[in-house]
Amino acid sequence: MLAACLLALPLTAKTNTLSEKDMGAEAKQQEQYWSEQQKQKKTIRSGELWPDDAGRHINAHGGGILKYNDTYYWFGEHKDEHTSNALVGVMCYSSKDLVNWRNCGVALGVTPSLDSLNDGTPSGNGSGISSDIESGCILERPKVVYNPMTKKFCMWFHLELKGQGYSAARYGVAVADRPEGPYKFLYSQRANAGTWPVEGSPMGFDEYLKRDFAGGQMSRDMTLFVDDDGKAYHIFSSEENFTLHIAELTGDYLHHTGRYTRMAPGGQNEAPAIFKHDGTYWMITSGCTGWAPNEARMFSAPSIWGPWTQHPNPCRGPKADKTFEGQSTFVLPVGNQYIFMADIWRPKHPIDARYIWLPIEFEDGKPVIRWRDEWTLETK
Ligand code: DGJ
């Protein structure tokens with residue numbers, strides 16, 4: 001993505017105050033800008049501003065990508081200027097080539113906050129009833145998978161209820177008929193209440209597992225994975241972020257089946273990103289240091305159910321000991337390549353968080369992620 005084309009379009013945040021004539025002119029100008037952008041040969045430059053079809057930095061953090069038909073859909077957290085809490089919801093962008101991205105708008109919107117409900121503003125609905133995804137909640141790391149059986153697009157995300165910090169530790173589920181949405185929020189809860197993992201006991205490092213057995217296991221940083229046989233899995237940081245859980249999903253991808261395994265008990269892994277290469281499952285994670293970067297970890301297993309083996313840090317190059325100042329979010333298979341995706345968080349100015357996309361190479365059969373200032377992706 002070229003930095004040079006940034007913000008070339010004089011956009012206004014006050015579109016609704018423009019006359020119809022002005023709006024038509026602006027739309028025409030944006031189309032012109034977009035058509036020019038698509039003609040440019042673009043490279044991927046991690047850490048820079050990445051403009052969308054209107055020249056605005058893409059706002060889809062902690063994201064993941066779904067390929068549906070010949071189009072890629074990028075879902076991620078909308079971040080505000082001053083807060084990482086969700087004031088908008090999950091954004092969706094679409095692309096045919098992974099470098100030119102069109103803003104498809106809000107895929108899953110948060111609901112107006114209770115504070116605004118009865119204040120006479122247009123956003124208030126007057127119902128007096130809040131929802132789990134009320135504006136101001138924490139909604140992170142959304143991922144979407146397509147279910148060919150139900151023909152629905154299924155979104156899972158990490159949810160923290162408004163005003164409760166990170167204590168709710170829930171996952172949320174939403175569903176749509178079209179990839180870009182709108183998604184309908186279904187429910188949020190903790191995971192696998194009243195169910196022990198498939199390995200049963202003794203388990204080791206199981207204090208929090210036992211504590212949360214009845215009420216449900218904590219569910220924070222997460223991803224989704226659909227295996228070659230169509231089975232889907234929800235992978236999330238649980239047990240106070242000490243242990244990852246890998247939980248099987250029902251055939252409609254909307255619930256857990258109750259079968260789950262624990263991975264790296266006590267290892268404190270966050271930000272799981274998984275892919276499968278030549279029959280081996282690879283998972284890249286981070287340690288737990290809040291918004292600050294740390295050294296990536298890597299695991300492999302012959303089955304999603306394990307056993308999982310830890311390998312050295314796959315990153316190479318400057319700042320490889322800090323994941324190039326980023327934190328993993330997703331691995332996208334493209335043809336016979338894989339793209340490692342990470343976020344460079346900017347907690348003081350969240351909307352300015354940046355993206356790292358780097359190709360995964362294999363050396364001696366193991367994934368290696370080498371820093372590149374700039375690279376070209378062949379999607380064909
Ligand atoms: C690290 C997680 O990976 C992020 O998604 C976010 O929850 C931050 N912690 C909050 O500190």
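Every read-out reported here was derived from the displayed coordinates using simple, explicitly stated rules and does not represent laboratory data. Just so we're clear, the structure is a prediction, and the values are computed from it rather than from any experiment. Every residue, glycine among them, receives a Cβ derived from its backbone with ideal geometry; neighbour counts consider all protein chains shown.
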So, how do all the Cα-to-Cα distances of region 61-109 break down into 5 Å bins, in percent, from 0 on up? 5, 23, 29, 22, 12, 6, 2, 0
Write down Rg/Rh for region 266-380, rounded to two decimals, with Rg from the C-alpha atoms and Rh from the Kirkwood relation over Cα pairs. 0.96
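Please tell me the relative contact order of region 238-279 in percent, rounded to the nearest whole number, where contacts are Cα pairs under 8 Å and at least six residues apart. The partial results should precede the final answer.
On the way: 49 pairs, mean separation 17.1, N = 42.
Reported as a whole number, the value is 41 percent.
Of Glu207, Glu77, how do they rank once you tally other Cβ atoms within 10 Å and put the fewest first? Spell out each step's value before the answer.
On the way: Glu207 11, Glu77 26.
Listed from fewest to most nearby Cβ atoms, that is Glu207, Glu77.
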Residue among Lys42, Lys67, Lys28 with the largest mean-square fluctuation in a Gaussian network model of the chain, springs linking Cα atoms under 10 Å: Lys28
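If I take every Cα pair under 8 Å that is 6 or more residues apart in the chain, average their sequence separation and divide by the length, what percent do I get for the relative contact order?
Details: 923 pairs, mean separation 48.1, N = 380.
Once normalised by length, the contact order is 13 percent.
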Rank these for me by crowding, Asp228, Asp53, going from fewest to most other beta carbons within 10 Å. Asp228, Asp53
Let me spell out the model: positive unit charges on the Cβ of Lys and Arg, negative unit charges on the Cβ of Asp and Glu, origin at the Cα centre of region 129-224. What dipole size does that give, in debye rounded to 20? 280 debye
Pseudo-spin-label distance Glu295 to Ser35, built 7 Å along Cα→Cβ, given in nm, is 5.3 nm
Relative contact order as a percentage, region 277-380, C-alpha pairs under 8 Å and 6+ apart, gives 20 percent
Answer check: the chain, Cα atoms, Kirkwood Rh, Rg/Rh ratio of 0.96
Sequence ranges 363-370, 243-250, 81-88, 218-225, ranked by mean other-Cβ count within 10 angstrom, highest first: 218-225, 243-250, 81-88, 363-370
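Within a 10 angstrom radius of the beta carbon, how do Arg56, Arg354 rank from fewest other beta carbons to most? Spell out each step's value before the answer.
Details: Arg56 16, Arg354 20.
With the fewest neighbours first, Arg56, Arg354 line up as Arg56, Arg354.
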Take the alpha-carbon centre of region 151-199, take the same for region 325-380, and report the distance between them in whole Å. 25 Å
Hey, what number do you get for the chain at 222 nm if only DSSP H runs of n ≥ 4 count, each worth -39500 (n - 2.57), divided across all residues, to the nearest 500? -2000 deg cm²/dmol
